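One structure is given below, encoded as structure tokens.
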Amino acid sequence: MFEEIISLIKKYDSIVIFGHINPDGDCYGSQIGLREIIHALYPNKKVFITGTGCPRFFSFLPHMDVVSDEVIKESLAILVDGNDLPRMEDKRVFDCAAWAKVDHHIDTNTFTEGPQVVDTNANSCCDILTGMAQELGVDISPIGATALLLGIITDSARFQFVTDYSVSFERAKYLIDHGADTTNINRALAKTDERSLKGRGYIITHYKKSKGGVIYIVYSKEKLHRLQLSANAASNNINLLGNIEGYPIWCSFAEYDDGRVRVEIRSNGPIIQPCAARIGGGGHAYASGATLPKLDYSVIDDVIADLDRVLEEWRE
Ligand SMILES: [Mn+2]
């Protein structure tokens, strides 16, 4: 499964691992985990991770690297947890010498630059990379094991989705046997503060319901400033609107300081990925996102109307 990527890795002394826009635990964990796998196989290769990563885990996992433009140009780029070059956070991914990809998102078949391993049945990209370590007989380091377990735990929201976790649990056991630090992962994930508590209070008391029964919330940047919340932090509260009986679709719209709007859509009923694709986004069947160019309430009404329609068809 990984032969083509491995033979490409062999050809390059320098490798840069790219993660997606709005990096999450799976993206950041995949970057570190893959670097540890490559280091275990080829100790002399230089492997860098680029982007902002997830600072909340920096107390026990590595910081991101500063990579010069010169290094980028001579490096193999490996994309993790994102389906194509434009999805990557560090846009210098376009300047690399060659490309490969490992991902678990719905594949749009637009990535044609090099070998790829895509498994849309995998619960996380870290699941796939753990399978890679096992298949190649890698003795993964405790840092790599912790990073990969972080992605398995966060992308499954701590194994709470309705899906088959049997393979993930086997992989998690392999990682724990290799020294994954579950205590620090759980402490970092449990940590909160008063500001985020107030943010959660806001969404629970201010969400709206569409005619068709879609639950949603819109955050203007003025509102976010008053709440002292970033658009990303607000978007990450989306699942507080989830699993309310009778409301299988929930979504949020959060305006960034630069005026663009982050859209997150979730479902435990109809498949909503095509709705996200229609506004230029994508993701998974039941968890997708997009970015709108500006806060336009008529566009938001259109998105909600589209979701209402999907919901109505599903109910029939
Ligand atoms: Mn992921």
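The values are calculated or read from the model by the stated rules, or taken from the named source; none is laboratory data. All values reported here derive from a predicted model rather than from experimental measurement. Cβ coordinates were reconstructed from backbone atoms using ideal geometry, including for glycine residues, and neighbour counts include every protein chain displayed.
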Q | Residues (surrounded by fewer than 19 Cβ atoms within 10 Å (Cβ to Cβ) and either outside the structural domain of SER156 (by TED's automatic domain parsing) or outside any helix (DSSP H, G or I) (or both)) located in region 27-57 | A | TYR42, PRO43, ASN44, LYS45, LYS46, THR52
Q | region 60-110: number of residues that are of a type outside the set (D, E, K, R) and assigned to a loop (DSSP other than H, G, I, E, B) | A | 19
Q. Outside the structural domain of ALA290 (by TED's automatic domain parsing), within 16 Å of the ligand (Cβ to nearest atom) and crowded, with 24+ Cβ neighbours inside 10 Å - does that describe any residue in region 110-124?
A. yes
Q: Output the number of the condition that ARG158 fails; it satisfies all remaining conditions of (1) assigned to a loop (DSSP other than H, G, I, E, B); (2) within 30 Å of SER14 (Cβ to Cβ); (3) touching a helix residue (DSSP H, G or I) at 6+ places or on another chain (Cβ under 8 Å); (4) of a type outside the set (A, V, I, L, M).
A: (2)
**Q.** Qualifying residue in region 273-285 (condition: modelled with pLDDT under 95, under 23 Å from the mean Cα position of the chain (by Cα) and assigned to a strand (DSSP E or B))
**A.** yes
Q. Residues ARG171, ARG226, ARG187, ARG195: which one is assigned to a helix (DSSP H, G or I) and surrounded by 14 or more Cβ atoms within 10 Å (Cβ to Cβ)?
A. ARG171
Q. From the list LYS46, LYS101, LYS73, which residue is farther than 24 Å from ASN186 by Cα and under 18 Å from the mean Cα position of the chain (by Cα)?
A. LYS101
Q: Would you mind finding the one in THR154, THR130 that is surrounded by 23 or more Cβ atoms within 10 Å (Cβ to Cβ), modelled with pLDDT of 95 or more and hydroxyl-bearing (Ser, Thr, Tyr)?
A: THR130
Q: Would you check which residues across region 43-61 are within 24 Å of LYS10 (Cβ to Cβ) and touching a strand residue (DSSP E or B) at 6+ places or on another chain (Cβ under 9 Å) and list them?
A: LYS45, LYS46, VAL47, PHE48, ILE49, THR50
